[in-house]
Amino acid sequence: MKGVDHLAHERNKTEFDVDAMKIVWAGSRHAFELSDRMARLVASDPAFQKDGRIRLGRKELFKNTLRKAAHAWKRILELHLTEEEAGWLRNFVDEPSFTDLHWGMFVPAIKGQGTDEQQQKWLPLAYKMQIIGSYAQTELGHGSNVQGLETTATFDPETDEFVIHSPTLTSSKWWPGGLGKVSTHAIVYARLITNGQEHGVHGFIVQLRSLDDHMPIPGITIGDIGMKFGNGAYNTMDNGVLTFDHIRIPRNQMLMRVLQVTREGKCVKSNVPRQLIYGTMVFVRQTIVADASTALARAVCIATRYSAVRRQFGSQDGGMETQVIDYKTQQSRLFPLLASAYAFRFVGEWLKWLYTDVTQRLQANDFSILPEAHACTAGLKSLTTTATADAIEECRKLCGGHGYLCASGLPELFAVYVPACTYEGDNVVLLLQVARFLMKTVSQLGSGKKPVGTTAYLGRVQDLLQCCCDVQTAEDWLKPSVVLEAFEARSARMCVARAQNLSKFENPEDGFAELSADLVEASVAHCQLIVVSKFIDKLQQDIPGKGVNRQLQNLCYIYALNLLHKYLGDFLSTGCITPKQASLANDQLRSLYSQIRPNAIALVDAFNYTDHYLGSVLGRYDGNVYPKLYEEAWKDPLNDSVVPDGYHEYIHPMLKQQLRNARL
Ligand SMILES: CC/C=C\C/C=C\C/C=C\C/C=C\C/C=C\C/C=C\CC/C=C/C(=O)SCCNC(=O)CCNC(=O)[C@H](O)C(C)(C)COP(=O)(O)OP(=O)(O)OC[C@H]1O[C@@H](n2cnc3c(N)ncnc32)[C@H](O)[C@@H]1OP(=O)(O)O
Ligand SMILES: Cc1cc2nc3c(=O)[nH]c(=O)nc-3n(C[C@H](O)[C@H](O)[C@H](O)COP(=O)(O)OP(=O)(O)OC[C@H]3O[C@@H](n4cnc5c(N)ncnc54)[C@H](O)[C@@H]3O)c2cc1C
């Protein structure tokens, strides 16, 4: 059987309506149709082809990215695409570039932190790309500790200007994407100083380069910080270094939604909380969660299709060998990742809803759920990006040797994805933020303050500390209430135990530092509970399509029970479940793998990825892996000549030398 036939045969086994699942995956029919149209538009345009990207040198690679970004903008204007359509188009171009920062951080920062007048002035310029913006927060010396940033913005009342200055080497802005070679402007985060007094870190709109000849504004030193991990990958981005030598900007270029500086240099607080200065990060972290499911789904799609095509061992009577997807070990590694892709999709959908809700409340001066929004975006960003980065590497291994070839698409996907564990907040630092939120919530339980939202379960802490898991058979693990209670009890018990340990310290900050590794574990448990509970919520919705809900149920329980298996130590040590119940969960997991198996290919087809977007010979929709892999090898520049360049200089003399030695 050829690879092509393998996948056709697999698709015949499907037990659910794949087109209906495509809509579930996309979020709505509208989102499906729009993303499908944009994916095809990009895939059919030769200007967006990606072949050979990994072989380009840095300069060529970067210029190629500039060309694609310009072409994308041209098509957006020609086709009068909406903002939503344009976003999808850029996504399918599939190449990190300065436009990510412009649309993803510069524009949102002005929207979130700018006053109405500032928005009216700057947004039209940004929307028409008459200016290109970056987000310059991190410095050489500080990234995580935002309050430790050193760049200063000193108000000069004589000229009604701020003087932006880099007082030390470590105050150099370092990392901002799009900054190195492209951006004309940036939101620069700096310590505000007025009348000799410091007022914390704020954002300022600063012009960096001339709009006529692109030269840096006098007093600004700017460049790229150098090559990053992997070929192609994130090297299409010009992450930059930037220093200021007393650069003057008008007073009205400080983003003043949170704090206004008057003509006299007086600081006037508005009614919005200071934390809103961090609002852009909350927004981006939320988008990163949605993107995690996309990246994970790509890797899983490649590994699943290839696992159905690949055969090793097991031939009987000269018959065909076993498809590697039929090995239980392969299933136990692959199917939880497939389930995670769906789980992250749905939690991403929910997080988007939460973000929209918070934004609307903020507009109505209701700031009550800002701490929860911060904890959820920080925690879920950390959980989903860590899991996705690990999963991409696991998918590479699931594809055996061929997974290591760039033609598999996995090395580049890994290299481009892995910094997501660091940018927008180091994943451990973010989990510590969640831990602070959880410990605060637990400490307030005695005062009668009822926790709401994702921490509502902590309001039932007494019950959860005593509850006994009610599982007697493997089938009992398919009850949503049972699974939910196990995850809630585990998280509640871990939080309470950490809070009790913290209370033994005289100084809470000392305790927090000493127990930080344990606290991070409690944060992970809490975030996993959120993902499980949002998946279960999804199952309660009316989901149309033959067999679709059944598949989602299977995936949901695979996600939950695999976590239970992986974090068994937590569940057993907190006494939420017994070893016997854990063993039943494992039995159920194996049964679920068997049920998912015939649907695996259709479940990845539901992601609706074009071959262009996947960029993988192993993950091709038609399964025609071997002929294409063979063809691909001959495209390598090393194969341009039969005898390699360097033969006469290095190989031939060596061989001759050996011959001479042999004769001696
Ligand atoms: C083959 C494939 C090829 C190509 C592929 C193509 C495409 C790529 C594919 C995949 C890529 C995937 C996704 C890409 C999508 C987007 C990303 C694009 C680009 C990335 C650009 C990156 C940008 C950046 O990194 S910008 C810099 C980000 N920096 C950080 O995140 C810094 C982290 N630090 C902090 O956030 C904080 O300072 C802190 C850690 C929270 C520390 O604060 P601390 O408590 O010490 O002190 P504070 O006084 O500051 O805070 C006290 C108080 O405030 C509350 N708080 C803190 N933060 C927030 C917040 N954000 N919102 C609300 N409240 C907040 C905190 O809880 C305290 O509250 P209490 O006082 O009540 O306790
Ligand atoms: C590809 C990429 C793109 C980026 N783009 C941008 C951008 O556009 N704009 C921008 O402003 N920035 C950008 N950044 C910077 C990024 O936001 C920071 O690198 C990130 O926030 C981490 O900060 P850091 O580098 O200071 O790490 P550090 O904080 O120095 O982390 C080093 C180690 O210390 C640990 N650590 C730090 N603090 C604590 C603590 N309190 N407790 C326990 N452990 C701790 C961390 O877990 C980590 O293991 C980008 C970074 C990358 C890699």
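The values are calculated or read from the model by the stated rules, or taken from the named source; none is laboratory data. Model, not experiment: these values are computed from the prediction. No Cβ is skipped: glycine too gets one built from the backbone with ideal geometry, and neighbour counts run over all protein chains shown.
Here are the numbers:
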read-out	value
Single residue of Thr294, Thr322 found to be touching a Gly at 6+ places or on another chain (Cβ under 6 Å) and closer than 30 Å to His6 by Cβ	Thr322
Residue among Thr243, Thr262, Thr236 that alone is hydroxyl-bearing (Ser, Thr, Tyr) and surrounded by fewer than 21 Cβ atoms within 10 Å (Cβ to Cβ)	Thr262
Residue within the stretch 232-241 that is more than 27 Å from Gln130 (Cα to Cα) and either of a type in the set (Gly, Ala, Ser) or touching a residue at least 12 places away in the same chain (Cβ under 8 Å) (or both) present	yes
Residue match in the stretch 515-530 (condition: assigned to a loop (DSSP other than H, G, I, E, B), among the hydrophobic types (A, V, I, L, M, F, W, C), modelled with pLDDT of 95 or more and surrounded by 14 or more Cβ atoms within 10 Å (Cβ to Cβ))	yes
Out of Leu89, Leu66, sole residue that is over 16 Å from Val416 (Cα atoms), within 24 Å of the chain's Cα centre (by Cα), among the aliphatic types (A, V, I, L, M) and away from ligand 1 (no atom under 14 Å from the Cβ)	Leu66
Unique match (being touching a Ser or Thr at 6+ places or on another chain (Cβ under 8 Å) and assigned to a helix (DSSP H, G or I)) among Pro627, Pro598, Pro653	Pro598
Residue match in the stretch 309-328 (condition: under 30 Å from the mean Cα position of the chain (by Cα), within 16 Å of ligand 2 (Cβ to nearest atom) and part of a helix (DSSP H, G or I))	no
Gly230, sole failed condition from (1) under 23 Å from the mean Cα position of the chain (by Cα); (2) on the phi < 0 side of the Ramachandran plot	(2)
Sole exception among (1) closer than 30 Å to Asp326 by Cα; (2) within 11 Å of ligand 1 (Cβ to nearest atom) for Gly401, by number	(2)
Members of the stretch 248-294 found to be more than 11 Å from ligand 1 (Cβ to nearest atom), within 25 Å of His102 (Cα to Cα) and either hydroxyl-bearing (Ser, Thr, Tyr) or assigned to a helix (DSSP H, G or I) (or both), listed by number	Arg251, Asn252, Gln253
Odd one out for His142, checked against (1) more than 16 Å from ligand 2 (Cβ to nearest atom); (2) free of Cβ contacts under 8 Å to residues at least 60 places away in the same chain; (3) not in a helix (DSSP H, G or I)	(1)
All positions within the stretch 264-296 that are closer than 26 Å to Val347 by Cβ and more than 12 Å from the chain's Cα centre (by Cα)	Pro273, Gln275, Leu276, Tyr278, Gly279, Thr280, Met281, Val282, Phe283
Unique match (being modelled with pLDDT of 95 or more, under 25 Å from Gln553 (Cα atoms) and in contact with a Lys or Arg (Cβ under 9 Å, 6 or more places away or on another chain)) among Val442, Val482, Val471	Val471
Number of positions in the stretch 102-138 that are within 13 Å of ligand 1 (Cβ to nearest atom), part of a helix (DSSP H, G or I) and polar (S, T, N, Q)	1
2 or more residues over 22 Å from Ile601 (Cα atoms): qualifying helices (runs of 4 or more DSSP H) within the stretch 1-86	29-43, 58-78
Residue count, the stretch 82-97 (criterion: in contact (Cβ under 8 Å) with a residue 24 or more places away in the chain and touching a helix residue (DSSP H, G or I) at 6+ places or on another chain (Cβ under 7 Å))	10
Residues being within 16 Å of ligand 1 (Cβ to nearest atom) and part of a strand (DSSP E or B) - total across the stretch 207-235	1
